[in-house]
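Below: one structure, written as structure tokens.
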Amino acid sequence: MPHQLEKPLWNPYFAGILLGLVLIASYLVMGTGVGSSGAANRLAIGAAHWIAPTAVEQNGYFGPFVARGAPVLDDWLVWEVLGVFLGGALSAYAAGRMKLDILRGPRATTGKRIAFALTGGIIMGVAARLARGCTSGQALSGGAVLSAGSWIFMLAVFAGGYLVAPFVRRQWK
Amino acid sequence: MNLPLYPNEYFGRPFGMVVGTLTGVAFGFVLERAGFGRAPNLAAQFYGTDMRVFKVMFTGIATAAAGLGLLGGFGLVDLAQLTIPETFLWPQLIGGLLLGVGFIVAGYCPGTACVAAASGHVDGLITYVGVGLGTLVFGAFYPQLQAFYTGSNLGVVRLDLLLGVPFGVVAAGVVVMAVACFFGAEALERIFTRRNAEAQPIVARPFRNRAMAVMLALAVIAVVPAFATRSASASASASATAVKRATAIDATTLARQLAQDPSRLQVVDMRAQEACHQHRVPTATCRKDEKDDWPARLLPTRALVLYGDADLRQVPAELARFPGDVLILRGGFPAFQHAILDPPVAPTETTLANLTAYRAQSALHTHFTGQQAAPIVQRAPSTSPGPAAPAAKKGGGC
């Protein structure tokens with residue numbers, strides 16, 4: 001069992017304090033917090049622009065991202081999320097948790113799990129554009145600098161999760 | 001040293017991107033160690049059995065808020081220079097609800113999906129791909145969503161400015177609330193794990209208590225500078241909430257200043273995108289080309305000139321924190337068009353005053369359009385404009 005070789009997770013409060021320090025460092029050095037969905041946004045726009053340049057340039061939302069040869073991918077957020085990927089991989093590898101698999105509940109099929117992951121992702125993609133950020137950029141970063149809208153967003157995230165959780169419970173049972 | 005570093009130009013963009021990557025590495029590392037790379041750990045939050053998500057997130061927010069309150073209170077960092085998301089009430093409320101739904105369906109939020117993908121969990125990778133696809137869905141329906149998306153904009157609303165108390169005091173309140181909620185969360189965990197006959201998440205009590213003590217101590221010292229420098233921060237917050245006052249500038253003065261030293265001004269066209277793309281004041285950028293955080297990208301060292309279709313009646317609320325001077329072009333774009341861009345009309349009476357004014361006007365006209373003004377018939381003085389500047393290019397700007 002590889003599980004016995006894994007390092008234990010950090011105490012959540014310890015992890016939280018370190019997370020807070022990372023956030024402070026980001027604000028002090030870059031003047032901005034961390035983010036995540038913004039990079040998915042830019043990667044998707046970049047890919048779509050490569051496939052259908054005219055349609056993307058004429059789109060009211062995408063247009064400004066690619067207008068005048070704007071660097072849609074060479075953006076702080078994209079680099080930052082590349083870092084998140086590297087940091088996550090580094091930590092998982094060092095802790096013996098790096099493993100190619102699909103995490104699912106004992107009774108969920110692989111197909112169902114993939115469908116849920118994709119559907120949830122798409123819903124979050126729409127939601128994050130609507131709210132101008134996700135749990136990282138709005139709730140965490142905006143919350144730390146006391147933005148009223150970020151706090152509203154954060155409470156809404158938990159409300160939405162709890163409202164729907166009973167209906168998708170079987171995924172994990 | 002002025003903090004934050006990047007907005008104060010301590011280093012340039014390439015190094016900024018390196019710093020961004022390193023910030024991400026630290027962020028991703030902490031998320032993975034917190035257990036956020038595994039969907040079951042995250043989903044447990046919503047079934048009450050392991051409130052890890054809430055604990056880590058809220059500890060992080062409280063620590064960061066208290067730390068920034070402390071540094072800001074002592075004047076070590078200029079809180080006004082931090083990027084603060086604007087509040088769009090309804091899009092953020094509905095977007096938050098939807099994101100919560102997506103979170104529990106997928107088992108990840110966008111950031112944790114990335115960490116899961118990095119740890120080899122394919123479901124995380126698929127979730128992140130889904131987030132990208134969601135962006136495309138949003139873009140496809142943007143014409144229908146636009147009014148809702150851009151509506152209910154309240155500008156930057158910081159809770160401390162809203163409540164009229166120092167940042168550190170609100171931050172301390174957040175910490176106290178967090179600590180109280182943690183005890184509540186652990187009580188709930190005991191109830192739900194017993195009901196589900198699962199093992200309770202292991203939280204080392206002594207460590208928890210020490211962590212709470214650290215946060216409370218941070219909260220206390222975050223409040224201290226708030227009272228020590230109360231008058232200073234009170235006046236600062238007063239100026240930050242007040243509506244920015246602007247002075248008027250007429251078209252000819254603006255044109256002259258732009259011609260002499262364009263590096264002292266930044267011009268923003270507030271009109272509709274189409275109108276702005278068609279004709280605008282040279283060097284101006286179009287407000288509608290920018291994202292909603294456009295005030296953050298303005299240069300604080302330059303005076304800001306705004307204009308619309310006619311006189312702008314007031315400075316947009318989101319500019320409340322712009323530190324420089326704000327000037328409003330009298331008469332809006334039509335005034336500039338008439339005075340500078342349209343060919344000047346040669347005076348019928350060739351008095352000295354008329355001729356001087358005409359020469360100045362023609363010089364500016366030539367400077368900005370590259371077109372020579374019509375010579376005056378009687379005296380035919382070749383107006384002596386400076387070297388003709390090329391016509392302002394579409395999308396020009398500094």
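The values are calculated or read from the model by the stated rules, or taken from the named source; none is laboratory data. Just so it is clear, the model here is predicted, and its values are computed rather than measured. Cβ placement follows ideal geometry from the backbone for every residue including glycine, while neighbour counts extend to all protein chains displayed. All accessible areas refer to the heavy atoms of the entire protein, side chains included, with ligands and DNA or RNA removed. Shrake-Rupley method; radii C 1.70, N 1.55, O 1.52, S 1.80 Å.
Please give the FRET efficiency for residue A:155 paired with residue B:278, using the beta carbon to beta carbon distance and R0 = 41 Å, rounded to the nearest 0.05.
0.40
Per the helix-only calculation at 222 nm, which mean residue ellipticity applies to the protein assembly as shown, given -39500 (n - 2.57) for every DSSP H run of n ≥ 4 and division by its residues, nearest 500 deg cm²/dmol?
-18000 deg cm²/dmol
Expressed in nm to one decimal, what extension gain is obtained for the pair residue B:264 and residue B:18 from 0.36 nm per residue of sequence separation less their Cα-Cα distance?
Contour length minus Cα-Cα distance gives 85.5 nm.
Using each residue's phi in segment A:133-143, evaluate 6.51 cos²θ - 1.76 cosθ + 1.60 at θ = phi - 60° and report the 3J(HN,Hα) Karplus result to the nearest Hz, with x for Gly and Pro.
With coefficients 6.51, -1.76 and 1.60, one gets x, 10, 4, 7, x, 8, 4, 6, 6, x, x Hz.
For an R0 of 30 angstrom, estimate the FRET efficiency from the Cβ-Cβ distance between residue B:137 and residue A:90 and round to the nearest 0.05.
Taking R0 as 30 Å, the efficiency between residue B:137 and residue A:90 is 0.35.
Can you compute the modelled spin-label distance between residue B:2 and residue B:196, with each label point 7 Å from Cα toward Cβ, in nm?
Taking the simple label geometry, residue B:2 and residue B:196 are separated by 5.1 nm.
Taking K and R as +1 and D and E as -1, what net charge do the other residues with C-beta under 14 Å from the C-beta of residue B:21 add up to?
-2
Expressed as cubic angstrom per residue, what is the convex hull volume of the alpha carbon set of segment A:1-101?
Once divided by residue count, the hull of segment A:1-101 is 136 Å³.
Shielding of B:281-291 by partners, i.e. mean partner chain Cβ atoms within 10 Å per residue?
Average per residue, whole number: 1.
Could you tell me which of A:134, A:43, A:93 has its Cα farthest along the dipole of segment A:43-173 towards the positive end, charges placed at Cβ (Lys, Arg +1; Asp, Glu -1), taken about the Cα centre?
The one lying farthest along the dipole's positive direction is A:93.
Compute the distance in nm between two label points, each set 7 Å from the Cα along the Cα-to-Cβ direction, one at residue A:54 and one at residue B:162.
Reported label-point gap for residue A:54 and residue B:162 is 4.6 nm.
Explain nothing, just the number: dipole magnitude of chain B about its Cα centre with +1 on each Lys and Arg Cβ and -1 on each Asp and Glu Cβ, in debye rounded to the nearest 20.
Using Cβ point charges on Lys, Arg, Asp and Glu, chain B gives about 500 debye.
For segment B:86-157, what number results from the quotient of the Cα radius of gyration and 2.2 N^0.38 Å?
The reported ratio for this selection is 1.28.
Only Lys, Arg, Asp and Glu count, each charged at its Cβ (+1, +1, -1, -1), so figure out the dipole size of the protein assembly as shown about its Cα centre, rounded to 20 debye.
So the magnitude is around 1300 debye.
Which whole number gives the average, over all residues in A:55-66, of C-beta atoms from other chains lying within 10 Å of the residue C-beta?
Counting Cβ atoms of other protein chains within 10 Å of each residue's Cβ and averaging gives 4.
Whats the longest run of chain B with zero GluC sites (Glu not before Pro) that are DSSP loop and have at most 16 other Cβ atoms within 10 Å?
B:10-197
Picking from B:161, B:312, B:98, which is most flexible by a Gaussian network model of chain B using Cα springs under 10 Å?
Its mean-square fluctuation being the largest, the pick is B:98.
Go through segment A:84-100 residue by residue and turn each phi into a ³J(HN,Hα) via Karplus (6.51, -1.76, 1.60, θ = phi - 60°); whole Hz please, and just put x for glycine and proline.
Couplings: 4, 4, 5, x, x, 5, 4, 5, 5, 5, 5, 8, x, 10, 6, 7, 7 Hz.
If amide H atoms are built 1.01 Å from N in the plane of the peptide, which residues on other chains or at least 5 residues away come under 5 Å of the amide H of residue B:305?
B:266, B:267, B:268, B:327
Which net charge results for the neighbourhood of residue A:150, defined as the other residues with beta-carbon distances under 11 angstrom from its beta-carbon, given Lys and Arg at +1 and Asp and Glu at -1?
+1
Take every DSSP beta bridge whose two residues both sit in chain B, then give the antiparallel share in percent to the nearest 5.
10
Please give the FRET efficiency for residue A:100 paired with residue B:299, using the beta carbon to beta carbon distance and R0 = 35 Å, rounded to the nearest 0.05.
The formula returns an efficiency of 0.15 here.
List the relative contact order of segment B:1-146 as a percent without decimals, with contacts defined as Cα pairs under 8 Å and 6+ residues apart.
After rounding, I find 26 percent.
Roughly what % antiparallel, to the nearest 5, for the DSSP beta bridges in the protein assembly as shown?
15
Evaluate the relative contact order of segment B:247-341 (contact order divided by residue number), counting alpha-carbon pairs under 8 angstrom at least 6 apart; express in whole percent.
37
Between A:29, A:66, A:157, find the one with the highest GNM mean-square fluctuation for chain A; connect C-alpha pairs within less than 10 Å.
A:29
If I take every Cα pair under 8 Å that is 6 or more residues apart in chain B, average their sequence separation and divide by the length, what percent do I get for the relative contact order?
Across chain B, relative contact order equals 14 percent.
Roughly how tilted is helix B:89-106, in degrees to the nearest 10 and between 0 and 90, from the longest Cα axis of chain B?
Long axis of B:89-106 versus the principal axis of chain B: about 40 degrees.
What is the Rg over Rh value, at two decimals, for segment A:103-173, using alpha-carbon atoms and the Kirkwood definition of Rh?
A ratio of 1.07.
Using a 1.4 angstrom probe on the protein heavy atoms only, could you order B:338, A:49 from most to least accessible area?
B:338, A:49
Using alpha carbon coordinates only, what is the Rg to Rh ratio of chain A, with Rh defined as the Kirkwood radius?
Result for chain A is an Rg/Rh of 0.99.
May I ask for the net charge around residue B:170, where only other residues with Cβ less than 9 Å from the Cβ of residue B:170 are counted and Lys, Arg are +1 while Asp, Glu are -1?
Once all neighbours under 9 Å are counted, the net charge is 0.
Specify the residue with the greatest mean-square fluctuation among B:36, B:46, B:333, computed from a Gaussian network of chain B linking alpha-carbon atoms under 10 Å apart.
Greatest mean-square fluctuation among the candidates belongs to B:46.
Under unit Cβ charges (Lys, Arg +1; Asp, Glu -1), what dipole magnitude, rounded to 20 debye, does segment A:1-126 have relative to its Cα centre?
In debye, rounded to 20, segment A:1-126 gives about 540.
When the distances between all Cα atoms of segment B:149-194 are binned every 10 Å from zero, what whole-number percent does each bin get?
22, 27, 25, 21, 5
Counting pairs of Cα atoms in the protein assembly as shown, how many percent are more than 43 Å apart?
27
By how many degrees, between 0 and 90 and to the nearest 10, does the Cα long axis of helix B:122-140 differ from the longest principal axis of chain B?
Compared with the principal axis, the helix lies near 30 degrees.
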